[in-house]
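Asks: Mind having a look at this structure? Questions to follow.
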């Protein structure tokens, strides 16, 4: 556990969510979020069928996200406290600087916590932190089938450009004059979920 200043908010059904900054050691937390995604959500996240994703590929993606979200931008992890299992990671978001005033943004929410306001709160927090860091343009490359991210972005008053390239959709949002919805979060100094100890990956039968 980490004693640090954290953020909290409530889901639409009243669950308390704890948010802290993403750390390079959060690989296992991120991998656990991916393991709770449905095959459809995994496809939208990796743009590959779930059957083509060996554990090593998922773990490597989690490692890159955790490290880049700390050294080249800023990332956040969201947790809920569950009976008997302690703090469970439910979502992650980060922006990654790709130029002097531009950044790539990504957000992943577990299927069982989607449509509860978690993504909206994390995106609002990420937008605010990116703007404070001098970012004026956010970009994302997502599956053209990913309607959820488009619906999420439409909840913010952002000038957005979209361009499709085959199965992918390139999204560019101008946040230079951003007057977005503030995340309804509170600040607390409390014990936050610590990074999980990294364990060696295992190959499942049939993985390449």
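Computed from the coordinates by the stated procedures, all read-outs in this text should not be read as laboratory data. Please read these numbers as outputs of a predicted model, since none were measured by experiment. Note that we place each Cβ from the backbone using ideal geometry, even for glycine, and neighbour counts take in every protein chain shown.
Asks: Can you list, largest first and rounded to whole Å, the semi-axes you get for segment 2-192 by taking the square root of 5 times each eigenvalue of its Cα gyration tensor?
Replies: After scaling each eigenvalue by five and taking roots: 23, 21, 16 Å.
Asks: Under the classification rounded if a/c is under 1.5, otherwise prolate if a/b is larger than b/c and oblate if not, where does segment 97-170 fall, given a ≥ b ≥ c as square roots of the Cα gyration tensor eigenvalues? The partial results should precede the final answer.
Replies: Details: a/c = 1.87, a/b = 1.12, b/c = 1.67.
It is oblate, given that a/c is not under 1.5 and a/b is not larger than b/c.
Asks: Next question. Gain in length, residue 101 to residue 155, computed as 0.36 nm per residue apart minus the alpha-carbon separation, to one decimal in nm?
Replies: Values: separation 54, 0.36 × 54 = 19.44 nm, distance 2.30 nm.
Additional length available on full extension: 17.1 nm.
Asks: Go ahead and run the numbers for FRET between residue 10 and residue 40, Cβ-Cβ distance against an R0 of 35 Å, rounding to 0.05.
Replies: That pair, residue 10 with residue 40, gives E of 0.85.
Asks: Which peptide among 17-24, 127-134 comes first, and what is the full order, when sorted by highest mean count of other Cβ atoms within 10 Å?
Replies: Final packing ranking: 17-24, 127-134.
Asks: So, one more: In nm, give the distance between the simple-model label positions of residue 170 and residue 48, each being 7 Å from the Cα along the Cα-to-Cβ direction.
Replies: 2.3
Asks: Then there is this: Among 71-79, 40-48, what's the highest-first ranking by average C-beta atoms within 10 angstrom per residue? Working shown, then result.
Replies: Details: 71-79: 21.1, 40-48: 16.8.
Ranking the peptides 71-79, 40-48 by packing returns 71-79, 40-48.
Asks: As an exercise, use a Förster radius of 45 Å and the Cβ-Cβ distance of residue 162 and residue 32 to find the FRET efficiency, rounded to the nearest 0.05. Don't skip to the answer; put the middle values down first.
Replies: Numbers: r = 32 Å, r/R0 = 0.70.
The formula returns an efficiency of 0.90 here.
Asks: OK, next. Once the Cβ-Cβ distance between residue 115 and residue 144 is put in as r, and R0 is 25 Å, what FRET efficiency do you end up with, to the nearest 0.05? Display every interim value, and only then the final one.
Replies: Working: r = 21 Å, r/R0 = 0.83.
With a Förster radius of 25 Å, E is 0.75.
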